[in-house]
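Quick note: the coordinates plus some simple rules give every number you see, no bench work behind them. Note that the structure is predicted; figures quoted are calculated from it, not measured. Note that each Cβ is placed from the backbone with ideal geometry, even for glycine, and that neighbours are counted across all protein chains shown.
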Amino acid sequence: MSKINVLDSSVYNLIAAGEVVERPASVIKELVENSIDAKSTIISIEIYGGGIKKMVVSDNGTGIEKGELKKAFLPHATSKIASKEDLNSIFTLGFRGEALASVCAVSHISIVSKPSEQNEAYKITGTAGQICEPEVASANNGTIVTVEDLFYNVPARAKFLKKEKSEEGEITSLVAKLILANPNVAFRYLSEGKLIYESSGHGEKDALFAIYGKTALNETLNVNYDKLIKIHGFLGKPSLNKPNRTYQTIIINGRFINSFQISSAVANALDGFLMKRQYPFFVYYIDIPTDLVDVNVHPNKLEVRFSNGEMVYGAVYNATLDAINTLDSIASVTPFKENVTPANLITEEKASEISTMSFGFGNTDDIVEEEQPKKVDEIQKTRESYLESVFYMNENSQRGVADGFGLGSNLLEKLANVEKEERFNKVSSEQTALEVPKTIVNVGKVFNTYLILEDDKNMFLIDQHAAHERLLYEKFKAQAENDELVIQPLLAPYIVTVNSQEKPLIESQLDKLNSIGFNISEFGDNTYKIDEVPAIVSGIDFNEFFGKFLEETRINPSFKNSDLVKDELMQLACKSAIKGGYDLSEGEIEKLYSMLGKEKVALFCPHGRPIVVRITKNEMDKWFKRIV
Ligand code: ADP
Ligand code: MG
């Protein structure tokens, strides 16, 4: 156990000053980080009354010697750094030596500690900054810190505390991150005596399971990036996309932080798998050489500064691209094996056993290694070529083809060598016998919802609605991004009749509607005539679309600019996509086929549901015992 030094003020002043204790969660963070710094392998966290009444953090770490106990409460007392040089390479979580002093100033605190070399445990108590002499106590090796009645002597601060439930929530999400950030420590976290999280300390997959359960194990891709900056962890498949950023965990050199830059790098790499206002699920462990990162920015240490932000951005971006490229965008069907993967065998109660199991994670060994982190313009190129492969529809919009759903598109020209009849006629047995690779044949439709397609080795089922959503979304997005809305005249003008409440709504939106491609004008009493529409909406149920637009305008009259309108329209386009039973036109079907020909297509609807399910011929042969 190292001695505790009182830092020289010249050193202390180099440390970003600030208040450490803001709410119960900040106390828990400091206490748990102290336990981790003390090399604990088991940490227990108990809270009562959202932590305001009582918080107990116990560990099996190195402990504090009797003679050091009092010093631990002194401001700027730390055993972790001694000189300013130490600030350049901080390996511990704490280093300011101010946490225990600050907590002691605003609560009743007690520490019971027993280093293994000491025969007895000693207990020291402090109240509102007053510290008593240590007394003999009985305890196992390690340290137990109890904090009660936080802010009892600072009513002004107590006022800013939220309801107990909210404070509990803050602690719970904090503990989740602490567990993820310290996968080799076994944690138990209880509130009001009720077990909330329990991790085994057997690694990252176990930690992920402890916090997010089985789904996260099944629905994440492995991230594995090994350059100067090393990144590994878990990236959620599109089905795990969330409406906010709280499902993002960034751990840099063992310390979890918030970083808008890193969150954006992930989101930008996943553009196309994310809808507006959707955020990816991820847990990234990032190892950056300590000289490239400065943790000494904010006292709560939730922010770090990078000396080369672009490099970090690039690494995260590339790591995410690599991971998403391992995603088989076509769901495969293996019905007879479904419920026997090890992950499915795990019950929540059996969490303690999970360390001995291997989970059904994909192998990432084959991820291509590159020598240097990509430069930003290289990244841009990778990104462009990636986007190109994902969003083939950009090609159409750039060429300004007003084709509704892809007739005459560039891509279809590329497919021209594929005989049209082959794609539209039910295939004969000789044709299947012939090797006709990359030829996809339309077999039919079931339940008026799923299209059936086949190529020489696979049968594909396509959810028409999900596919149509994706098509509409991509197309409209591309148009909106390129400021290139293709306008399509209507053969017969569409007449909208509105009531007296709707009239002011539509009047208020006329300019915006015109600016995004609707040619709409008053036609008579409460009647409007639409002569032209953006091509994107020409193919959908216009009646429904327009009704929804009015409805949205009524609910949310604060459309500020045409961008917002485009945004809304994009979403509306999704909502207005054909329902299962609708018959797709030939052009639409052709477009869907062409999606299958692509290698990496975001074959998920914008909400993350799969568009295509594949059943291999091999699999089917097994069902019928043609092969074993
Ligand atoms: P810091 O963590 O920045 O050093 P703290 O005020 O949090 O400052 O803690 C002061 C000192 O008390 C630490 O440097 C450490 O030596 C000791 N300490 C605190 N908690 C523990 C613990 N759980 N186990 C062992 N030592 C501890
Ligand atoms: Mg500390």
How many percent of DSSP beta bridges within region 214-299 run antiparallel, rounded to 5?
-> 75 percent
Determine ³J(HN,Hα), in whole Hz, for all residues of region 228-245 in sequence, where each value follows from phi through the Karplus function 6.51 cos²θ - 1.76 cosθ + 1.60 and θ = phi - 60°; x replaces Gly and Pro.
-> 4, 9, 10, 10, 9, x, 10, 10, x, 5, x, 5, 9, 4, 10, x, 8, 8
Summed over the other residues with a beta carbon less than 12 angstrom from that of Ile520, with K and R at +1 and D and E at -1, the charge totals -3
Using a ≥ b ≥ c from the Cα gyration tensor of region 95-236 (square roots of the eigenvalues), is it rounded, prolate or oblate, where a/c under 1.5 gives rounded and otherwise the larger of a/b and b/c decides, a/b for prolate?
-> prolate
In order through region 25-33: 3J(HN,Hα) via Karplus (6.51 cos²θ - 1.76 cosθ + 1.60), integer Hz, x for Gly, Pro | 4, 5, 5, 4, 4, 4, 5, 5, 5
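Among Ser508, Ser102, which comes first, second and so on when ranked by fewest other beta-carbon atoms within 10 Å?
Fewest-to-most Cβ neighbours within 10 Å comes out as Ser508, Ser102.
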Of the cross-linked pairs Lys70/Lys162; Lys53/Lys242; Lys503/Lys591; Lys29/Lys114, which ones have a Cα-Cα span greater than 30 Å in the structure shown?
-> Lys70/Lys162; Lys53/Lys242; Lys503/Lys591
So what's the net charge close to Lys123: Lys and Arg +1, Asp and Glu -1, counting the other residues with Cβ under 15 Å from its Cβ?
-> -3
Within 10 Å of each residue's Cβ, count the other Cβ atoms and sort Lys53, Lys625 from fewest upward.
-> Lys625, Lys53
